[in-house]
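The values are calculated or read from the model by the stated rules, or taken from the named source; none is laboratory data. Fair warning: this is a prediction, and the values are worked out from it, not measured in the lab. No Cβ is skipped: glycine too gets one built from the backbone with ideal geometry, and neighbour counts run over all protein chains shown.
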């Protein structure tokens, strides 16, 4: 590689993430087989607050072509497409009742599910007796929850005999 004084700057940044950008550029050049040097404002001739990537004069054309290509944008995880959203975790109704003891039954079912590591939620309140009380579970766990309830009801029926 050429002497430091002979190197040519192919990338310069004074942004807040300048060091990161310069390091990424140096990596891109390295992947293309181009040796480069990363310098900061401690180096004579570098503007205060800047980071630069320098290469030998014979690599200038290739390095400038690589440097002129935009850096890949980091993925913004907050922007998730509707297609990427999963409806497998949607909660569906497992139990629904408007009987006078519906809230107690729902609480018992909820406790049974939670004890068996099946997430559930009770929807409804005795403060609004005209509305039904429901126990909901994730759609993917519905069959497992139904089987558990059926097994528990069978065990209770067998015990009553």
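Restricting to the stretch 26-49, count the residues that are under 35 Å from the mean Cα position of the chain (by Cα) and either assigned to a strand (DSSP E or B) or within 12 Å of residue 9 (Cα to Cα) (or both).
6
Conditions: (1) touching a strand residue (DSSP E or B) at 6+ places or on another chain (Cβ under 9 Å); (2) closer than 30 Å to residue 31 by Cα; (3) at pLDDT 85 or above. Residue 58 meets all but one. Number of the miss?
Residue 58 satisfies every listed condition except (1).
Select from the stretch 122-147 the residues that are assigned to a helix (DSSP H, G or I) and closer than 19 Å to residue 103 by Cα and list them in ascending order.
Within the stretch 122-147, 145, 146 meet the criteria.
Against the condition on the phi < 0 side of the Ramachandran plot, modelled with pLDDT of 90 or more and not assigned by TED's automatic domain parsing to the domain that holds residue 119, how does residue 30 come out, does it pass?
So residue 30 passes the test.
Do we find a residue being in a strand (DSSP E or B) and either without any contact (Cβ under 8 Å) to a residue 40 or more places away in the chain or out of contact with any helix residue (DSSP H, G or I) (no Cβ under 9 Å at 6 or more places or on another chain) (or both) anywhere in the stretch 15-22?
The answer is no; no qualifying residue exists.
Please go through the stretch 97-121 and pick out each residue that is part of a helix (DSSP H, G or I) and touching a strand residue (DSSP E or B) at 6+ places or on another chain (Cβ under 6 Å).
102, 103, 106, 109, 110
Which condition does residue 72 not pass, out of (1) assigned to a loop (DSSP other than H, G, I, E, B); (2) at pLDDT 90 or above, if it passes all the others?
Condition (2) is where residue 72 drops out.
Quick check, is residue 94 surrounded by 10 or more Cβ atoms within 10 Å (Cβ to Cβ) and not in a helix (DSSP H, G or I)?
For residue 94, the condition - surrounded by 10 or more Cβ atoms within 10 Å (Cβ to Cβ) and not in a helix (DSSP H, G or I) - is met.
Do we have any residue at all in the stretch 133-140 that's surrounded by fewer than 16 Cβ atoms within 10 Å (Cβ to Cβ), under 29 Å from the mean Cα position of the chain (by Cα) and assigned by TED's automatic domain parsing to the domain that holds residue 151?
Yes, that holds for at least one residue.
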